[in-house]
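The structure under discussion appears below in the form of structure tokens.
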Amino acid sequence: MSIKTHKIIIQLFQTHKLQKDLQLVDSEEKLIRIVNKLKDLGLLSPEINSLDWGNFKKLVPIYYLFGLTRGTLIDCYYLNQFIEEIREEIQGKILEIGGTSKDRDFYEVTSQDSYQVLNLGPGLGIDIMGYIHDPSVIEPESVDSVIIFNVLEHCYDPWIAVQNIYRWLKIGGKYFAMVPNTVRIHGTPVDYWRPLHDRIKYLFEDFSEQKLYIYDSLITLIASYHGIATEELSSEEINNFNPGYPVITCIVAEK
């Protein structure tokens, strides 16, 4: 457990009476192995001024455009994991905010379900033009599922947006949201904030049920800021989660 959640071993050490067992370290090889293990757990750090920064000692990111031409974006990789978790819950009359028509196949919307896209302006596959801050855009209690990925950070009043979606959902309807925590500023058209999971829970406090999905990893947080793609990291590195370093936060909230 401590390998996946490093804080566990630190908490255990706070109450544990350590024993003088240095005599068990009877070779240089064993000492190096123990030291390296403690470094991997974050309990030992390299000597000051001994760090090898390599390609990361830069005043600009390795790639400005999020890693778009290098491969799969870090936040998209985690979002796909979230969608796999909740795919079967997306059903009925589905409204996606800020999406495109091609997403219909991605979510595997069946012929029994309906799918519409709400966006600010006209475009291919846009069914409804309107502003998420305007409660009159959608009829009250008319939607079963609302999908809103990478949108709330662009809302100047996200609490109003959440209230409106609550108004539009039927009783028992579900809200599927994702917000980035570490993506660099991207004004499309504007970029207001990066909410952390405690704030997201508070935003959705009126919903009867809520479940958070937090994807946090120190190495992918750094990779995200530098525009490094998923394919440039190992599966172990991508999925080695570290609480306290969120990359994206997702939520399923039921009215």
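The values are calculated or read from the model by the stated rules, or taken from the named source; none is laboratory data. Keep in mind it's a predicted model, so treat the numbers as computed, not measured. All Cβ positions, glycine included, derive from the backbone under ideal geometry; neighbour counts span all protein chains shown.
With respect to residue 213, is the statement that it is part of a strand (DSSP E or B), under 26 Å from residue 113 (Cβ atoms), assigned by TED's automatic domain parsing to the domain that holds residue 93 and among the aromatic types (Phe, Trp, Tyr) true? The answer is yes for residue 213. Would you mind stating whether residue 181 is touching a strand residue (DSSP E or B) at 6+ places or on another chain (Cβ under 6 Å), modelled with pLDDT of 90 or more and within 22 Å of residue 205 (Cβ to Cβ)? Considered against the rule, which asks whether it is touching a strand residue (DSSP E or B) at 6+ places or on another chain (Cβ under 6 Å), modelled with pLDDT of 90 or more and within 22 Å of residue 205 (Cβ to Cβ), residue 181 comes out as yes.
If I filter region 229-245 for residues that are under 11 Å from the mean Cα position of the chain (by Cα) and either over 19 Å from residue 166 (Cβ atoms) or touching a residue at least 24 places away in the same chain (Cβ under 8 Å) (or both), do I get at least one hit? Within region 229-245, one or more residues are under 11 Å from the mean Cα position of the chain (by Cα) and either over 19 Å from residue 166 (Cβ atoms) or touching a residue at least 24 places away in the same chain (Cβ under 8 Å) (or both).
Residues in region 135-163 that are under 30 Å from residue 77 (Cβ atoms), surrounded by fewer than 17 Cβ atoms within 10 Å (Cβ to Cβ) and of a type in the set (Ser, Thr, Tyr): 156 alone.
Cβ-Cβ distances below 9 Å connect the following pairs, each with a first residue in region 171-188 that is outside any loop (DSSP other than H, G, I, E, B), a second residue that is surrounded by 22 or more Cβ atoms within 10 Å (Cβ to Cβ) and among the acidic types (Asp, Glu), and a separation of six or more residues or different chains: 178/75; 180/75. Restricting attention to region 209-238, the residues that are in contact with a Gly (Cβ under 9 Å, 6 or more places away or on another chain) and of a type in the set (Gly, Ala, Ser) total 4. Here residue 14 meets each of (1) modelled with pLDDT of 80 or more; (2) surrounded by fewer than 10 Cβ atoms within 10 Å (Cβ to Cβ); (3) farther than 26 Å from residue 234 by Cα with one exception, condition (1).
The set of residues in region 199-217 being under 12 Å from the mean Cα position of the chain (by Cα) and of a type in the set (Gly, Ala, Ser) consists of 217 alone. Within region 109-120, the residues that satisfy the criterion of being farther than 19 Å from residue 142 by Cβ and at pLDDT below 75 are 110, 111.
Across region 18-52, the number of residues qualifying as surrounded by 11 or more Cβ atoms within 10 Å (Cβ to Cβ), of a type outside the set (Val, Ile, Thr) and over 38 Å from the mean Cα position of the chain (by Cα) comes to 2.
When you look at residue 68, is it within 22 Å of the chain's Cα centre (by Cα), part of a strand (DSSP E or B) and not polar (S, T, N, Q), yes or no? No, not satisfied. Against the conditions (1) part of a helix (DSSP H, G or I); (2) in contact with a helix residue (DSSP H, G or I) (Cβ under 7 Å, 6 or more places away or on another chain); (3) without any contact (Cβ under 8 Å) to a residue 60 or more places away in the chain, residue 87 satisfies every one except (2). Scanning region 189-210 for residues that are outside any helix (DSSP H, G or I) and basic (Lys, Arg) turns up just one, 194. For region 186-196, which positions are surrounded by fewer than 15 Cβ atoms within 10 Å (Cβ to Cβ) and either in contact with a strand residue (DSSP E or B) (Cβ under 6 Å, 6 or more places away or on another chain) or among the small types (Gly, Ala, Ser) (or both)? Of everything in region 186-196, just one residue is surrounded by fewer than 15 Cβ atoms within 10 Å (Cβ to Cβ) and either in contact with a strand residue (DSSP E or B) (Cβ under 6 Å, 6 or more places away or on another chain) or among the small types (Gly, Ala, Ser) (or both), namely 187. Of all the residues in region 64-101, those that are farther than 16 Å from residue 219 by Cβ, at pLDDT 90 or above and aromatic (Phe, Trp, Tyr) number 1.
Got a number for residues in region 164-185 being surrounded by fewer than 14 Cβ atoms within 10 Å (Cβ to Cβ) and either touching a Cys at 6+ places or on another chain (Cβ under 6 Å) or farther than 22 Å from residue 135 by Cα (or both)? Quick ask: steps written out before the conclusion?
Initial filter on region 164-185 (surrounded by fewer than 14 Cβ atoms within 10 Å (Cβ to Cβ)): 171-172, 185.
Now drop any that are not either touching a Cys at 6+ places or on another chain (Cβ under 6 Å) or farther than 22 Å from residue 135 by Cα (or both), which leaves 185.
Within region 164-185, residues that are surrounded by fewer than 14 Cβ atoms within 10 Å (Cβ to Cβ) and either touching a Cys at 6+ places or on another chain (Cβ under 6 Å) or farther than 22 Å from residue 135 by Cα (or both) number 1.
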